[in-house]
Amino acid sequence: MPRPRQPGRHRRPEPLAAPEGAPALVLAVPGAPSAATRGLAEEIVSIARSELPGLDARIGYVDGDDTEFPTLQAVLAHAADERTARYEQALAAGVEATEPEGPVGVVVPLLAGPDAALLRQVRQAVMDSRVAAELTDVLGPHPLLAEALHVRLSEAGLARADRARLFTVATAADGIVLASVGGEEAVQAAGITGMLLAARLAVPVMAAALDQEGSVASVAEQLRSAGSQQLALAPYLIGPEIDAALIEAAAAEVDCSAAEPLGAYPAIGKLALAKYTTALGIAPQQPLGAPVR
């Protein structure tokens, strides 16, 4: 038996579920597909499904091969075919049904920041699918990404896990290079999350572009000129969008340690879902990142 709903304004919110017949959430994964990339994407959509029961979440690869790694356009076309088939089956069974309208899917790019070249590929793939689909913005900037960056730095021993505990880390950095991809626009967007990260760590944070020659070295020099002695590189990346060797090379160039990319940190799945629910006008149970009372 279901438990009676708790009265009063402090009652727990009713569980949110995906509306029946809602469009699919299609995670658009950039970069070269691999088993590791697929595992990361599956973990992210699993987080999204756990937050919204009944969610139809799928994965499409920008550079897929339509066999082991289905392309974004193939995933959207398949979702459209399935929706049409369900409608036709309902009619054949004599069930009253309305012809499906609206987008077949909501495409969420798996990108922390804007990357014009990658977003152009995603947009072209959506157009090539020849089905109605909505494309959302990238995941950042957002306070949850600053939290994820902080966690990755602390996991690498480059930052304190919690300022409130007042313990020191011998290898903690006193200056952070926030590495993004996507050119100047991406650097500016990363800088917003960088300010939030700087407030968490109480150390200077400056954004640089991994895909612009000399950008990381220039930012590292600025931080050292301002007094930072021990730098750390924090990738403002999910992971698949760039070769990991570029991160290692950039860290070696400026002689500092690097944290891991954001990867399947829980906030990534929650942010992807937030883009989906916002596109559909589904109100969240509480503001993203807000504490549960």
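The values are calculated or read from the model by the stated rules, or taken from the named source; none is laboratory data. All of these numbers come straight from a predicted model, not from anything done at the bench. Backbone-built Cβ (ideal geometry, glycine too); neighbour counts: all protein chains shown. Surface areas here come from the heavy atoms of the whole protein model, side chains and all, with no ligands, DNA or RNA. Shrake-Rupley method; radii C 1.70, N 1.55, O 1.52, S 1.80 Å.
Which numbered condition in (1) at negative phi; (2) open to solvent by 50 Å² or more (accessible area, probe 1.4 Å); (3) touching a residue at least 12 places away in the same chain (Cβ under 8 Å) is the only one that Val45 fails? Evaluating Val45 over (1) at negative phi; (2) open to solvent by 50 Å² or more (accessible area, probe 1.4 Å); (3) touching a residue at least 12 places away in the same chain (Cβ under 8 Å) leaves (2) as the failure. Mind listing just one residue for me: the one in the stretch 131-147 that is assigned to a helix (DSSP H, G or I) and touching a residue at least 60 places away in the same chain (Cβ under 8 Å) and, of those, surrounded by the most Cβ atoms within 10 Å (Cβ to Cβ)? Per the criteria, the residue is Leu145. Against the definition (modelled with pLDDT of 95 or more, buried (at least 18 other Cβ atoms within 10 Å of the Cβ) and within 30 Å of Ser228 (Cβ to Cβ)), how does Ala159 come out, yes or no? In short, no. Counting only helices (runs of 4 or more DSSP H) wholly contained in the stretch 180-274, the ones carrying 2 or more residues that are open to solvent by 30 Å² or more (accessible area, probe 1.4 Å) and closer than 30 Å to Val45 by Cα occupy 183-201, 244-253. For Asp128, state whether it is open to solvent by 10 Å² or more (accessible area, probe 1.4 Å), over 23 Å from the mean Cα position of the chain (by Cα) and over 30 Å from Ala22 (Cα atoms). The answer is no for Asp128. When Pro70, Pro114 are screened for being open to solvent by less than 60 Å² (accessible area, probe 1.4 Å) and over 18 Å from the mean Cα position of the chain (by Cα), only Pro70 passes. For the stretch 56-86, residues that are free of Cβ contacts under 8 Å to residues at least 60 places away in the same chain and under 21 Å from Leu111 (Cα atoms) total 16. Restricting attention to the stretch 79-130, the residues that are assigned to a helix (DSSP H, G or I), at pLDDT below 90 and polar (S, T, N, Q) add up to 2.
Among the numbered conditions (1) open to solvent by 40 Å² or more (accessible area, probe 1.4 Å); (2) more than 14 Å from Asp128 (Cβ to Cβ), the only one that Ala90 does not meet is (1). A count restricted to the stretch 69-90 and to residues that are in contact with a helix residue (DSSP H, G or I) (Cβ under 7 Å, 6 or more places away or on another chain) and hydroxyl-bearing (Ser, Thr, Tyr) stands at 1.
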